[in-house]
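Below: one structure, written as structure tokens.
The values are calculated or read from the model by the stated rules, or taken from the named source; none is laboratory data. These figures come from a predicted structure and were not determined experimentally. Positions of Cβ are backbone-derived with ideal geometry, glycine not excepted, and every protein chain shown enters the neighbour counts. To get the accessible areas, we keep the full protein, side chains included, count just its heavy atoms, and leave off ligands, DNA and RNA. Shrake-Rupley method; radii C 1.70, N 1.55, O 1.52, S 1.80 Å.
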2 protein chains.
Amino acid sequence: MQPTHTTTPALRVLARDLASLPTGEPATLAGWIHRRRVLASVTFLVLRDRTGLAQVVVKDPATIEQLHGLPEETVVEVTGTVSANDSAPGGAELTAPTIIALTEPALPPPVELWRPTFGAGLPTHLDHAAVTLRHPRHRAAWQLASASMAGFRSALGALDFTEIASPKLVGTATESGANVFTVDYFGETAYLAQSPQLYKQMLVGVFERVFEVGPVFRAEPHDTVRHLAQYTSLDAELGFIRDHRDVLVVLRAAIAGMVESIQRYAAEAAALLGVDLPEVPAEFPVIHFRDALARVGADPDEPDLSPAHERALSEWAKTAYGSDFLAVEGYPMAKRPFYTCPQPGDERWSNSFDLLFRGLELTTGGQRLHRPSDYAAALERTGTDPALLGGYLDAFSHGMPPHGGFAIGLERWVARLTRAENVREVTLFPRDLHRLAP
Amino acid sequence: MQPTHTTTPALRVLARDLASLPTGEPATLAGWIHRRRVLASVTFLVLRDRTGLAQVVVKDPATIEQLHGLPEETVVEVTGTVSANDSAPGGAELTAPTIIALTEPALPPPVELWRPTFGAGLPTHLDHAAVTLRHPRHRAAWQLASASMAGFRSALGALDFTEIASPKLVGTATESGANVFTVDYFGETAYLAQSPQLYKQMLVGVFERVFEVGPVFRAEPHDTVRHLAQYTSLDAELGFIRDHRDVLVVLRAAIAGMVESIQRYAAEAAALLGVDLPEVPAEFPVIHFRDALARVGADPDEPDLSPAHERALSEWAKTAYGSDFLAVEGYPMAKRPFYTCPQPGDERWSNSFDLLFRGLELTTGGQRLHRPSDYAAALERTGTDPALLGGYLDAFSHGMPPHGGFAIGLERWVARLTRAENVREVTLFPRDLHRLAP
């Protein structure tokens, strides 16, 4: 083994901190060679680390020669002299550098990563994600996701929610029979969980308020720009509600937390991508499904909103309430899963909602049934064998409060924020009908 | 639908807040009937909510009669008068109550949940987890887990780590060929990821420092008290290290964060379970594998430490350093996966470690290879087809820094803290050779 590193991490200076050091002092940067710019008498080396870019000015002929053999993406450690320069990123650069390569010279990346826009299509990006995710715009998109997860958790943590970890391997595929992956489970058949729905409900019986951020699995047989075989679901469920409106209050708090967390931890990423962060209103405007149909001029018997309807309703909410969000409540029971609570007084409708965000459904949620007799009736109505739901039904016969919850698709949220046309653009290593690698 | 709830959540008083209300004022509690204690002239109703227990004193004969029909675990809303009483939990109770049942009378639970100790064996608990997890000791164990996850994330977030979400469906099972679950993936074969190892390494190339808290899957064909088919892995990986000792510094910070978070968010749970939280030393003591073998009097050619060795070493660390933790570094290369970095100067040993905590291995970690040529050699040595690792190897040929990381098993950590003999005792809905439900 050759020695690989000469500086303790503590002595390394990050790109963002370079300008805070005194001019004339020595400093060591470490990172990836983002770009080399060779001029007649000087070569600029732009170094990338986790905090951004730093400029290194190389005039020594031997070092310029050395740099010829260190292509972009090679990882190096650079020791030089801090020099103020208003035209350098951050206002300082490193001069008179000594460069040590920390690995072998890199192969040329499939796309030039230093260009401000990503110069290739989605398939190239996805095929080479291990490298192309390094492009600042791809990194930034995931930083929005990462900050969103943190904000979701801290908003719900502040409201006394307990984080749970539910099984992803389940014995029955009853929540929705279609689109499940089957697993060979020690010679028997298991399924990958499509959501933590049944588990988060059971755990309301234990902790009252629970959330989970984790993978869910859908064997989507269609290629669409909105669907993935695995995505990250931000799930919450809470007890002792009056109805789905109390769920909307918590959903609002969660989304506000996600937006605040982006402002706090990923503001640069948001700026780089030109994200126009939504203002989260003190209360989401709400329209009943029946009135929503009427507003868009649809047939009153339509069981669902079309994408065009969702866009029109979002535009209306923006005009009428100045809101990027609109909750549509009362979706027809016929289109909702068996655990959905009907609307008191008119059981055609449900105590559930979709939250539209800038023209697209972001979240589905609502109140669930909680009385054992209501479950018995719902299972009979939907033709579901109660034996398949044994453990789940136990929770209800042993006492469950009125409760409800919601789930936000993380990648869909980030795609909306960044106006990505395809959710794959903002997913680290997407899985779909055609893609299982890298 | 009958009306289910009469009080807005905002007006509900939590058990923990009852004593802070003025005596003589009305208040409404909501929760589960934890216990009814029927005396000659008075019935005590102990109500359980997410914050603890509250006592309600019932003297009105009609209400006592009503309570006869509301067995333990029935969910109720209770409105009464706040009354100071030093012998009530928290120093206050509710008197002259009106009780509204929020669901149907509960079936008797499989175990009396109000008894301080859980009065049944593990199989009963696991078969009825949806109900028996409500026992305060089971709830408390998971609260330790929940607080630990939060502490892990906040410690690493403070160190500039980016949270990632890696694919759980993978195309090749090369990290370790054995014990993988196979999935029918649109007619092809996929595998459930045994760890995010390869992805967290690739993403070091993007973010330098990454962590993930998520499910990992092992098709463990043996029934043991330590292994599960799914568990929660707390994973971290970081670039620009000198060697595995820099990884240990971050591991120490992560564990310190987990302990602090328990103290902050789950102190009552820890007290209930009699958890003796470890002091996390400023630096973990370290012993080389070779010296560890000598210290326990084992054959110097032993390739691994036995459970008895681990216990003896932990005892020694406690005596010699006053530490509940001991890092054993230098494990034989022969027992480590292909990406392990050998010890410079003596390639029998590795730059990797196990962290022992109170007699048991808690964590494995270490430095990884980062040069493409080292990967080529390692794959040849271990007979692994590089074509199976295409995307992963791309990261290295396009520039990766020296890096390393670790993974902590959440359930194993909590089992150690609570001295649970079986990791299933502290897992919400464990999955193993025989168990796929509830």
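Listing for the model above:
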| quantity | calculated |
| --- | --- |
| Residue match in segment B:273-291 (condition: small (Gly, Ala, Ser) and within 26 Å of A:Thr51 (Cβ to Cβ)) | no |
| Qualifying residues in segment B:1-20 (those that are hydrophobic (A, V, I, L, M, F, W, C) and surrounded by 13 or more Cβ atoms within 10 Å (Cβ to Cβ)) - the one modelled with the lowest pLDDT | B:Met1 |
| Residue list for segment A:302-316, filter: under 24 Å from A:Asp346 (Cβ atoms) and open to solvent by less than 20 Å² (accessible area, probe 1.4 Å) | A:Leu305, A:Glu310, A:Leu313 |
| Failed condition for A:Gly171, given (1) at pLDDT 95 or above; (2) touching a strand residue (DSSP E or B) at 6+ places or on another chain (Cβ under 7 Å) | (1) |
| Residue ID - farthest from the other protein chains (Cβ to nearest Cβ), chosen from residues in segment A:328-343 that are in contact (Cβ under 8 Å) with a residue 40 or more places away in the chain and more than 19 Å from A:Ala294 (Cα to Cα) | A:Pro337 |
| Odd one out for B:Thr224 among (1) open to solvent by 50 Å² or more (accessible area, probe 1.4 Å); (2) at pLDDT below 95 | (1) |
| Output for segment B:333-358, where each listed residue is over 26 Å from B:Pro401 (Cβ atoms) and more than 28 Å from the chain's Cα centre (by Cα) | B:Ala334 |
| Qualifying residue in segment A:221-230 (condition: of a type outside the set (A, V, I, L, M) and in contact with a Ser or Thr (Cβ under 7 Å, 6 or more places away or on another chain)) | no |
| Near pairs, Cβ below 8 angstrom, 6+ apart or cross-chain, from segment A:136-161 (on the phi > 0 side of the Ramachandran plot) to any residue that is at pLDDT 95 or above | A:Asp160/A:Glu208; A:Asp160/A:Arg209; A:Asp160/B:Arg50; A:Asp160/B:Thr51 |
| Answer from B:Glu361, B:Glu347, B:Glu380, B:Glu425 - the residue that is of a type in the set (Asp, Glu) and at the interface with chain A (Cβ under 8 Å from one of its Cβ atoms) | B:Glu347 |
| Pair list, Cβ under 6 Å, 6 or more apart: segment A:382-397 residue closer than 19 Å to A:Pro167 by Cβ, other residue among the hydrophobic types (A, V, I, L, M, F, W, C) and in a helix (DSSP H, G or I) | A:Gly391/B:Ala130; A:Tyr392/A:Leu198; A:Asp394/B:Ala130; A:Asp394/B:Val131; A:Ala395/A:Met202; A:Ala395/B:Ala130 |
| Filtered residue count, segment A:190-199, keeping only those that are in a loop (DSSP other than H, G, I, E, B) and either over 22 Å from A:Asp246 (Cβ atoms) or outside the structural domain of A:Ala387 (by TED's automatic domain parsing) (or both) | 2 |
| Which listed residue is open to solvent by 10 Å² or more (accessible area, probe 1.4 Å) and out of contact with any Leu (no Cβ under 7 Å at 6 or more places or on another chain), from B:Ala253, B:Ala267 | B:Ala267 |
| Qualifying positions in segment B:112-129 - under 24 Å from A:Ser373 (Cα atoms) and surrounded by fewer than 17 Cβ atoms within 10 Å (Cβ to Cβ) | B:Glu112 |
| Helices (runs of 4 or more DSSP H) contained entirely in segment A:200-296, each with at least 1 residues that are within 14 Å of chain B (Cβ to nearest Cβ) | A:244-265, A:267-272 |
| Of residues in segment A:372-413 being farther than 30 Å from A:Met149 by Cα and among the hydroxyl-bearing types (Ser, Thr, Tyr), the one surrounded by the most Cβ atoms within 10 Å (Cβ to Cβ) | A:Tyr375 |
| Members of segment A:418-427 that are of a type in the set (A, V, I, L, M, F, W, C) and surrounded by fewer than 24 Cβ atoms within 10 Å (Cβ to Cβ) | A:Ala420, A:Val423 |
| From B:Ser195, B:Ser148, B:Ser154, residue being open to solvent by 20 Å² or more (accessible area, probe 1.4 Å) and more than 30 Å from A:Arg435 (Cα to Cα) | B:Ser154 |
| Scope segment A:330-356; condition over 30 Å from A:Asp385 (Cβ atoms) and surrounded by fewer than 24 Cβ atoms within 10 Å (Cβ to Cβ); matching residues | A:Gly345, A:Leu355 |
| Matching residues, segment B:180-206, being within 22 Å of the chain's Cα centre (by Cα), of a type in the set (S, T, N, Q) and within 27 Å of A:Asn179 (Cα to Cα) | B:Gln194, B:Ser195 |
| Residues that are open to solvent by less than 50 Å² (accessible area, probe 1.4 Å) and modelled with pLDDT of 95 or more, drawn from segment A:86-101 | A:Ala92, A:Glu93, A:Leu94, A:Thr95, A:Pro97, A:Ile99, A:Ala101 |
| Considering residues of segment B:297-307 that are in a loop (DSSP other than H, G, I, E, B) and within 25 Å of B:Val247 (Cα to Cα) only, the residue farthest from the chain's Cα centre (by Cα) | B:Pro303 |
| Residue count, segment B:47-61 (criterion: assigned to a strand (DSSP E or B) and either open to solvent by less than 10 Å² (accessible area, probe 1.4 Å) or in contact with a helix residue (DSSP H, G or I) (Cβ under 8 Å, 6 or more places away or on another chain) (or both)) | 9 |
| Any chance A:Thr74 is at negative phi, under 38 Å from the mean Cα position of the chain (by Cα) and modelled with pLDDT of 95 or more | yes |
| Residue satisfying all of: in segment B:93-129; over 21 Å from the mean Cα position of the chain (by Cα) and of a type in the set (D, E, K, R); nearest to the other protein chains (Cβ to nearest Cβ) among these | B:Glu104 |
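Okay, residues lined up against (1) of a type outside the set (D, E, K, R); (2) in a helix (DSSP H, G or I); (3) in the same structural domain as A:Phe240 (by TED's automatic domain parsing):
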site: A:Asp374; (1), (2), (3): no, yes, yes
site: A:Glu380; (1), (2), (3): no, yes, yes
site: A:Leu388; (1), (2), (3): yes, yes, yes
site: A:Gly391; (1), (2), (3): yes, yes, yes
site: A:Gly399; (1), (2), (3): yes, no, yes
site: A:Gly404; (1), (2), (3): yes, no, yes
site: A:Glu411; (1), (2), (3): no, yes, yes
site: A:Ala415; (1), (2), (3): yes, yes, yes
site: A:Pro438; (1), (2), (3): yes, no, no
